[in-house]
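Novice: My structure is below; once you've seen it, I'll send some questions.
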Ligand code: UDP
């Protein structure tokens, strides 16, 4: 532990409420055979974890793929009789500036270009020390602690002292190793070498010195507010209600909360747009992402703008969270400002066809329902990231049978099979190729629909939560054996 200043007044671990969900929910979707494997894995885990708690720890409850996944995976785990609890650490601005620096470097980018030296380490460790003190009070020997991402890696040595089996999971990484990537791994190496094991999204992300790791790709929950089916009228009504589409809601803009209680869209989006919203029959191209440079919202805007004349009447919506809503992402407002400035520079006729949308983050389910409606309404969904650990937005769009264009980077290449279940953009910086892919999908609707159908099937086979839960169950059940499950194969089959 470095000395560092005291951060006590900033630190309060928060426990997130979870509503248990029965595993049986999957069966109609995956069939009896796959469901049988899921029930067997749950039984294995129940026996291995009897009387023990699984503590899940990350740095935000809302915004981004990790938070998105934790909610359903914990809900199913609790539904299966596993005592899984989710805690969110708290840090201050300095802490999240450092962890964002790490995040960028894990993806090969320098981010703010700042250092990762002893001073940064001391700040990082001091914040985590305060969080660890609170958490350690709850932990008993042989409990399992699953820490997510670089923000929590420094907790490993501290929590091991409680006798817990501490596992670290990274959702970040790149196959293109450069100096920033090595520096990020070096920063956290002293911590993660003390983990019982490590989980990665792809084996390409493993540094050569990492001896014990498993590969578990992310997944979506088909039944979540983000992914559940919505009828056409409700989709349009939600999007009219928040201000993205023209017109009055035809039916109430409602959805079901995860616990089954009714919800209604009460908050509007913050919009940057010239003129009225597009009507619902105009094709809408959509990218939904955090406002992060590596998501390349600017590249999407420029690719669309350059080709606008050949894209018929299509409009573009660049959609992200309200920038004050994602507590662990300090760059959001800068990136949104950059996008707004670039949008102002566009010719008026193009500007009228592009809107920047910040979604309300007051209620997680309300936000998810709006994203669901947007992805379902989209004529084409785009994820033009410059780097991507996995890219859950791609699986979400594919599940909704949307024709999808994704960059050929990171986990996106595990999801999209080029020309079969979507289009891959290689290299992701090729703005003209991006425009051409958009034109192709908007003009050849038959091809686009075929890609969408295949995409749905691919997600059903590889990327829904039941597969993910089975992998966790096997890993956790084997943690105390001398050789915990070391699954380093690429995305497993159904
Ligand atoms: N997301 C959201 N609301 C927003 C923007 C993003 O719910 O306004 C969600 C998106 O639907 C997806 C997640 O955030 O579930 C982003 O995950 P991804 O893996 O694509 O990227 P990350 O943010 O983790 O880098």
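Novice: Report the rotationally averaged projected area of segment 112-169 based on its alpha-carbon convex hull, in square nanometres.
Specialist: Values: hull surface 16.8 nm².
Result: 4.2 nm².
Novice: To one decimal place, what orientation-averaged projected area in nm² is obtained for the convex hull of the Cα set of segment 386-443?
Specialist: Values: hull surface 14.4 nm².
Here the figure is 3.6 nm², rounded to one decimal.
Novice: So what is the relative contact order of the chain, in percent, for Cα pairs below 8 Å that sit 6 or more residues apart? Working shown, then result.
Specialist: On the way: 981 pairs, mean separation 79.5, N = 494.
Relative CO of the chain lands at 16 percent.
Novice: Where does the Debye-calculated log10 I(q)/I(0) of segment 1-121 sit at q = 0.11, 0.20 Å⁻¹, using only Cα point scatterers of equal weight, no solvent?
Specialist: -0.57, -1.11
Novice: Also, quick follow-up: If you scale each eigenvalue of the Cα gyration tensor by 5 and take the root, what three semi-axes come out for segment 422-487, rounded to whole angstrom and sorted largest first?
Specialist: Details: eigenvalues 311, 54, 7 Å².
Sorted largest first and rounded, they come to 39, 16, 6 Å.
Novice: Per the Debye formula with a single identical scatterer at each Cα and no solvent contribution, what log10 I(q)/I(0) holds for segment 63-129 at q = 0.22, 0.26 Å⁻¹?
Specialist: So the normalised log intensities are -0.95, -1.09.
Novice: Over the residues of segment 130-216, compute the C-alpha Rg and express it relative to 2.2 N^0.38 Å. Mind dumping the intermediate values first?
Specialist: Values: Rg = 13.1 Å, N = 87, 2.2 N^0.38 = 12.0 Å.
Against the compact-globule rule of thumb, the ratio is 1.09.
Novice: Can you tell me what share of the DSSP beta bridges in the chain is antiparallel? A percent to the nearest 5 is fine. Mind dumping the intermediate values first?
Specialist: Working: 9 of 51 bridges.
Just about 20 percent of them are antiparallel.
Novice: Continuing with the same structure: Over the alpha carbons of segment 226-384, what is the largest minus smallest coordinate on each principal axis, giving the biggest first in Å?
Specialist: Taking max minus min along each principal axis of the Cα atoms, segment 226-384 gives 44, 37, 23 Å.
Novice: Taking neighbour counts of Cβ atoms within 10 Å as a proxy for exposure, in what order, fewest first, do 24, 414 appear? Present the calculation step by step, with values, prior to reporting the outcome.
Specialist: Numbers: 24 12, 414 19.
Starting with the residue having the fewest Cβ neighbours, the order is 24, 414.
Novice: Further question on the same structure: D for the chain, whole µm²/s, Stokes-Einstein with Kirkwood Rh over alpha-carbon pairs at 4 °C and 1.567 mPa s: what number?
Specialist: Numbers: Rh = 23.0 Å.
The calculation lands on 56 µm²/s.
Novice: Same structure, new question: Arrange the following residues from fewest to most other Cβ atoms within 10 Å of their Cβ: 186, 478, 385. Before the final figure, lay out the partial values.
Specialist: Numbers: 186 13, 478 17, 385 29.
Listing 186, 478, 385 from fewest to most nearby Cβ atoms yields 186, 478, 385.
Novice: Which of 447, 304 has the fewest other C-beta atoms within 10 Å, and how do the rest follow up to the most? Please list the in-between numbers first.
Specialist: Values: 447 14, 304 25.
By the 10 Å Cβ count, ascending, the order reads 447, 304.
Novice: Binned at 5 Å from 0, what are the whole-percent values of the Cα-Cα distance distribution for segment 186-253, short to long?
Specialist: In whole percents, the pair-distance histogram is 3, 14, 15, 11, 8, 6, 6, 8, 9, 12, 6, 2.
Novice: To test your reading of the geometry: what angle, between 0 and 90 degrees and rounded to tens, separates the Cα axis of helix 179-192 from the longest principal axis of the chain?
Specialist: Roughly 40 degrees, rounded to the nearest 10.
Novice: Send over the per residue convex hull volume for segment 363-492, Cα only, as a whole number of Å³. Numbers along the way, then the final one.
Specialist: Numbers: hull volume 16.0 nm³, N = 130.
Once divided by residue count, the hull of segment 363-492 is 123 Å³.
Novice: Nearest 10 degrees, 0 to 90: what angle lies between the long axis of helix 431-443 and the longest principal axis of the chain (Cα atoms)?
Specialist: Approximately 60 degrees, to the nearest 10.
No lab work stands behind these numbers, since they all come straight from the coordinates. Nothing here was measured: the structure is a model prediction, and the numbers come from that model. Cβ coordinates were reconstructed from backbone atoms using ideal geometry, including for glycine residues, and neighbour counts include every protein chain displayed.
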